[in-house]
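The structure under discussion appears below in the form of structure tokens.
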Amino acid sequence: QVQLVESGGGLVQAGGSLRLSCAASGRPFSSNAMGWFRQAPGKEREFVAAINWSGSSIYYADSVKGRFTISRDNAKNTAYLQMNSLKPADTAVYYCASHYSGDYTYQRSYGYWGQGTQVTVSS
């Protein structure tokens, strides 16, 4: 069993920055890749970014590439999502997830999910 708790969401103006954190507990954090997804109102949940267990492989959705940075600190059992140059289109609930098996961009590849944190970007 893995427990994931996101934090760091909030309200920010367009062009601003936020850093999301995902604290993990319950099993060795360093053994799993981690992913971030988001769900905007009325839309399906979509892939944002993923990082493998060591941090040596990182993947981004095209929509966030160059603006968002995923990272992890295995000593702190925490994954991060640094979000810069935020746009109103980035407004969504952001979820972190622990990878189980398969393609990093697919929701079904993740076995555990956090409760989500709201990010709102005003224009």
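Within region 90-123, restricting attention to residues that are of a type in the set (Gly, Ala, Ser) and in a strand (DSSP E or B), which residue is nearest to residue 37 (Cα to Cα)?
Out of the qualifying residues, it is 97.
If I filter region 53-89 down to residues being touching a residue at least 40 places away in the same chain (Cβ under 8 Å) and in a loop (DSSP other than H, G, I, E, B), which single residue comes out as most open to solvent (accessible area, probe 1.4 Å)?
For region 53-89, the residue satisfying everything is 87.
Restricting attention to region 99-108, which residues are surrounded by fewer than 18 Cβ atoms within 10 Å (Cβ to Cβ) and either touching a strand residue (DSSP E or B) at 6+ places or on another chain (Cβ under 7 Å) or touching a residue at least 12 places away in the same chain (Cβ under 8 Å) (or both)? Please lay out each step first, then the result.
Filtering region 99-108 for residues surrounded by fewer than 18 Cβ atoms within 10 Å (Cβ to Cβ) gives 100-103, 105-108.
Hits for region 99-108 are 100, 105, 106, 107.
So in region 4-52, with the set limited to residues that are modelled with pLDDT of 95 or more, polar (S, T, N, Q) and open to solvent by 50 Å² or more (accessible area, probe 1.4 Å), which one is nearest to residue 74 (Cα to Cα)?
The extreme case among them is 7.
Within region 19-77, restricting attention to residues that are closer than 19 Å to residue 6 by Cα and of a type in the set (Lys, Arg), which residue is nearest to the chain's Cα centre (by Cα)?
Looking at residues that are closer than 19 Å to residue 6 by Cα and of a type in the set (Lys, Arg), I get 38.
Among the residues that make up region 90-98, is at least one of them open to solvent by 60 Å² or more (accessible area, probe 1.4 Å) and under 21 Å from residue 5 (Cα atoms)? Steps first, please.
Just the residues of region 90-98 that are open to solvent by 60 Å² or more (accessible area, probe 1.4 Å), to begin with: none.
No: region 90-98 contains no residue that is open to solvent by 60 Å² or more (accessible area, probe 1.4 Å) and under 21 Å from residue 5 (Cα atoms).
The values are calculated or read from the model by the stated rules, or taken from the named source; none is laboratory data. All of these numbers come straight from a predicted model, not from anything done at the bench. Counting neighbours? That spans all protein chains shown, and the Cβs are built from the backbone with ideal geometry, glycine included. Keep in mind that these areas ignore ligands, DNA and RNA; they rest on the heavy atoms of the full protein, side chains included. Shrake-Rupley method; radii C 1.70, N 1.55, O 1.52, S 1.80 Å.
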